[in-house]
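Following: one structure in structure tokens, then a few remarks.
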Amino acid sequence: MSKQLTNHREESGKLLQNNVKRIDDNNYKVKSSNRGEVYSILATTIGWICSCPDHMFRGVKCKHIHAVEFSLELRKTVEVRKIEEIVISGCKYCKLETVVKCGLRKNKHQQRNAGLRLKEETNGKR
């Protein structure tokens, strides 16, 4: 198998990585770019198996298998990057620690911002 064809399948797989639907840890569905058909990819102990003609008849790693592998790599990088919780310990301007989060507010551009007030202002109010 020539390196050029392998690279072409890898490049096609990279383009298809957004068409991967995970059924479970071992089963995936990939919508093909050519005819719009959906192919099943199965993880086995000996490797990947795809239901497309390229893999079934030629026995090569097809673009659908490459797409699943790229999708799994992307999934692993996303799992590593966790969003940290924002902790508001006090007013960022005056450093006063008696600040209470009281909901959302919109600014002049209709964007929502967390509303903050001093505890003395909110006594008895909800």
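So here's what we get for this one:
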item	result
Filtered residue count, segment 7-23, keeping only those that are at pLDDT 90 or above and among the acidic types (Asp, Glu)	0
Top-ranked residue in segment 25-38 [being closer than 20 Å to residue 73 by Cα and without any contact (Cβ under 8 Å) to a residue 40 or more places away in the chain; ranked as surrounded by the fewest Cβ atoms within 10 Å (Cβ to Cβ)]	25
Some residue of segment 92-108 being in a loop (DSSP other than H, G, I, E, B), touching a strand residue (DSSP E or B) at 6+ places or on another chain (Cβ under 8 Å) and modelled with pLDDT of 90 or more	no
Count - residues of segment 57-74 that are touching a residue at least 12 places away in the same chain (Cβ under 8 Å) and part of a helix (DSSP H, G or I)	10
Long-range neighbours under 8 Å by Cβ, at least six apart or interchain, first residue more than 18 Å from residue 70 (Cβ to Cβ) and at pLDDT 90 or above within segment 39-54, second surrounded by 14 or more Cβ atoms within 10 Å (Cβ to Cβ) and not small (Gly, Ala, Ser)	51/39; 51/41
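The values are calculated or read from the model by the stated rules, or taken from the named source; none is laboratory data. In this text, all values refer to a predicted model and were calculated from it rather than measured experimentally. We place every Cβ from the backbone using ideal geometry, glycine too, and count neighbours over all the protein chains shown.
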